[in-house]
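Single-structure report; data block below.
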Amino acid sequence: MYEYLQKLPKCEHHIHLEGALTPELLFSMAQKNHIDLPEDDPAFLSPESLTARYRDFSCLDDFLGYYYIGMNSLLDVADFEALAWDYFQHAAQDGVAHAECFFDPQAHVSRGVGYDVVLSGFKAAQKRAQAELGISSELICCFLRHLPPPEALETLRSSPVQTSMKSGDVIGIGLDSSEKDFPPQLFQQVYDEARALGLRCTAHAGEEGPAEYIATALDDLRVQRIDHGVRLAEDPKLMQRIANDQTLLTICPISNVYLKCVTSVAELPIRTFLDAGVQFSINSDDPAYFGDNYILANYRAVQDAFSLTPREWAGICRAGIKGSWCDETRKKELM
Ligand code: ADE
Ligand code: ZN
C-alpha cells in the first residue's frame, strides 16, 4: 500500500515554504549571513538540539516562535531559492505532481528583506522544479493574522505585491499565524480587495480556533478553500454545507499532532469527513519543523490510522486535483 501511495500523483495545497527550512539549512544560512541566533535558548546550540526541541511543541504559538526566528536566517535571493528547491526535491521523492505553496512576505519585508528578493528566489526554484522534476507549482501570499489588519492591507497594496499578483506570479492569498483571538472577519477588506484583483482566496481556520472561524472565513472572507478545518466535525450543519459546496479542506495530519491539536492522527475526523462527503487533501504544512515528515509521511500516517481503500485514496487525489488552482489543461494532465 505504501508503494501505491508513493505513486499516486499528489497535489500539495498546504506547504509553507518557510516551514521547509531544516535546522541544517537554518544554521548554515545564519552563519553565512552573520545572523545571531538566540543565545538564551539552549535549543539554538546546534541543529541537533533544535531538532530535539521541535519534537516538543506545546501549541501553535510555541511552534510559531521558532518558525519566525528560523526564517530570520534567510536574506538573499539564493537563500530563498535554496529553501524552495530543498522542498521541491523532497516533493519529487514523495510523488508530488503539483504544489501550491504559501509564503509570508510580511515576516521578511518587516526585517528589511525586499518582497522581490523573496519572490525571485522562489520563482527560480519553481522554474527549476518544473524543468528538472516535472513539478508544476503556484505561489499563495499569506497575511499574518497576529499583526494589525491595516498592515496586511498596506502589504497587499504595495507596488511589488500588486505587480506579482497582476502578472500571475502569485495566484492567491491566505491567512495564517496565531489563530485564537484573531477571527477571520478582521481581514475582510484585505480579501475584498484581493478578490477584486481576481485572486483565489483561502484561510487557515479551525486548526486551533473554533468551527465558527470556518463559517466566518466562508461568509466574510468568501474563501474557496479552508486550510486545516479539522474542527469542522464539531458543527454537523456546517460540515454538510462544506460537503454540498465541495469546498476543499487542506488537512495536515502530522502537523496537528505536533502542535497538539489532537493526540494522534487516529483522532482526526477523516472517516467522518469521508462519510459526510467532505472533500479534503492531505498535506505537510511545515515539514522541516514536524519531524521531517513531508507529504508522503502524512499519507502513510492516515493509512496507518484509517486503512483507506485504494478507491478512497483515488477519490482523495481526485478531490485534490479538482480543488487545485492550476489551469484546466494542467488539471486534465493530472487526472
Ligand atoms: N504558519 C506556518 N504554519 C502554520 C500553521 N500550521 N498554522 C498557522 N500558521 C502557520
Ligand atoms: Zn499552515
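The values are calculated or read from the model by the stated rules, or taken from the named source; none is laboratory data. Quick caveat, the model's predicted, so the values are computed rather than measured. Cβ coordinates were reconstructed from backbone atoms using ideal geometry, including for glycine residues, and neighbour counts include every protein chain displayed.
Within the range 176-190, track down each residue that is over 18 Å from L248 (Cα atoms) and either more than 16 Å from ligand 2 (Cβ to nearest atom) or buried (at least 20 other Cβ atoms within 10 Å of the Cβ) (or both).
S177, E179, D181, P183, Q185, L186, F187, Q188, Q189, V190
Somewhere in the range 80-92, is a residue part of a loop (DSSP other than H, G, I, E, B) and touching a strand residue (DSSP E or B) at 6+ places or on another chain (Cβ under 7 Å)? I'd like the intermediate steps shown before the answer.
Within the range 80-92, the first condition is being part of a loop (DSSP other than H, G, I, E, B), and the residues that meet it are none.
No - not one qualifying residue is present in the range 80-92.
Looking only at the range 93-117, count how many residues are in a helix (DSSP H, G or I) and either under 18 Å from L21 (Cβ atoms) or not acidic (D, E) (or both).
We begin by selecting, within the range 93-117, every residue in a helix (DSSP H, G or I); these are 93, 105-109, 115-117.
Now drop any that are not either under 18 Å from L21 (Cβ atoms) or not acidic (D, E) (or both), which leaves 93, 105-109, 115, 117.
Qualifying residue count for the region: 8.
For the range 140-253, which fully contained strands (runs of 3 or more DSSP E) count at least 1 residues that are basic (K, R), touching a residue at least 40 places away in the same chain (Cβ under 8 Å) and under 26 Å from K322 (Cβ atoms)? Outline the logic, then answer.
Working: elements: 172-176, 200-205, 225-228, 248-251.
The qualifying strands (runs of 3 or more DSSP E) are 200-205, 225-228.
Going by the structure shown, is S307 out of contact with any Asp or Glu (no Cβ under 6 Å at 6 or more places or on another chain), among the hydroxyl-bearing types (S, T, Y) and either in contact (Cβ under 8 Å) with a residue 12 or more places away in the chain or within 16 Å of ligand 1 (Cβ to nearest atom) (or both)? Spell out how you get there, then give the answer.
Details: out of contact with any Asp or Glu (no Cβ under 6 Å at 6 or more places or on another chain): yes; among the hydroxyl-bearing types (S, T, Y): yes; either in contact (Cβ under 8 Å) with a residue 12 or more places away in the chain or within 16 Å of ligand 1 (Cβ to nearest atom) (or both): no.
So S307 fails the test.
Against the condition surrounded by 22 or more Cβ atoms within 10 Å (Cβ to Cβ) and either modelled with pLDDT under 95 or not acidic (D, E) (or both), how does C101 come out, does it pass?
On the way: surrounded by 22 or more Cβ atoms within 10 Å (Cβ to Cβ): yes; either modelled with pLDDT under 95 or not acidic (D, E) (or both): yes.
Here the answer is yes, as C101 does meet what is asked.
Against the conditions (1) touching a Phe, Trp or Tyr at 6+ places or on another chain (Cβ under 6 Å); (2) part of a helix (DSSP H, G or I); (3) more than 14 Å from ligand 1 (Cβ to nearest atom), where does F44 fall short? Just the number, please.
(1)
Quick one: in the range 6-18, which of the residues that are buried (at least 22 other Cβ atoms within 10 Å of the Cβ) and not in a strand (DSSP E or B) is nearest to the chain's Cα centre (by Cα)? Don't jump to the end; show me each part of the working.
Filtering the range 6-18 for residues buried (at least 22 other Cβ atoms within 10 Å of the Cβ) gives 10-18.
From the residues that got through so far, the ones that are not in a strand (DSSP E or B) too are 17-18.
Details: L17: 8, E18: 9 Å.
Only one residue fits best here, namely L17.
Where the second residue is hydrophobic (A, V, I, L, M, F, W, C) and not in a strand (DSSP E or B) and the first is more than 15 Å from ligand 1 (Cβ to nearest atom) and lies in the range 276-295, which pairs have Cβ atoms under 6 Å and are six or more apart or on separate chains?
A276/M239; A276/A243; G277/A243; V278/I242; V278/A243; Q279/A319; F280/F273
On the given criteria, is D94 within 16 Å of ligand 1 (Cβ to nearest atom) and closer than 27 Å to I226 by Cβ?
Values: within 16 Å of ligand 1 (Cβ to nearest atom): no; closer than 27 Å to I226 by Cβ: yes.
So D94 fails the test.
Restricting to the range 276-322, give me the number of residues that are surrounded by fewer than 22 Cβ atoms within 10 Å (Cβ to Cβ) and not β-branched (V, I, T).
Here the count works out to 25.
Residue-wise test of (1) within 16 Å of ligand 1 (Cβ to nearest atom); (2) acidic (D, E); (3) at positive phi.
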| site | (1), (2), (3) |
| --- | --- |
| L175 | yes, no, no |
| D192 | no, yes, no |
| R195 | no, no, no |
| G206 | yes, no, yes |
| P210 | yes, no, no |
| Q224 | no, no, no |
| G229 | yes, no, yes |
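Are any of the residues in the range 27-38 within 16 Å of ligand 1 (Cβ to nearest atom) and over 21 Å from H98 (Cβ atoms)?
First pass over the range 27-38, keeping only residues within 16 Å of ligand 1 (Cβ to nearest atom): none.
No, the range 27-38 contains no residue that is within 16 Å of ligand 1 (Cβ to nearest atom) and over 21 Å from H98 (Cβ atoms).
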